Amino acid sequence: AIVEGDCDLLFPDETITEIRAKVANKPYFREFVEVAAAEKLISMLSSIAVPLLVRQSSGVEVRDPNDIYLLDVAYSGVADFLVSGDKDLQ
């Protein structure tokens, strides 16, 4: 749907940094995703993502403060969905 232009992808730099860190530093993650494949996916997603400057705070409290940026991105971008594997955000 994103590639076909049916919806927009808000893909903040923090997410790119997090994915790269997990692939590079977590052996269990590399069992599922090779570094080259992850970089290819990141590049593709970055090329089609809508640039977004986060201007507003969602004001939502979460257990992990590192997750606040995701909610702020969704709020600032008026997102309909937040896609995450994080159980707290689901």
Q) Is it fair to say S57 is modelled with pLDDT of 85 or more and not β-branched (V, I, T)? A) no
Q: Filter the range 51-64 for residues that are over 14 Å from D13 (Cα atoms) and in contact (Cβ under 8 Å) with a residue 24 or more places away in the chain and give the result.
A: V62, R63, D64
Q) When both residues are 6+ apart or on different chains and their Cβ atoms are under 6 Å apart, which pairs have a first residue that lies in the range 65-86 and is without any contact (Cβ under 8 Å) to a residue 24 or more places away in the chain, and a second that is in a helix (DSSP H, G or I)? A) L82/A74
Q.
Residues that are surrounded by fewer than 16 Cβ atoms within 10 Å (Cβ to Cβ) and under 14 Å from the mean Cα position of the chain (by Cα), at least 2 per element: which helices (runs of 4 or more DSSP H) completely within the range 3-90 meet that?
A. 13-25, 35-48
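The values are calculated or read from the model by the stated rules, or taken from the named source; none is laboratory data. All values derive from a computational prediction rather than experimental measurement. Cβ coordinates were reconstructed from backbone atoms using ideal geometry, including for glycine residues, and neighbour counts include every protein chain displayed.
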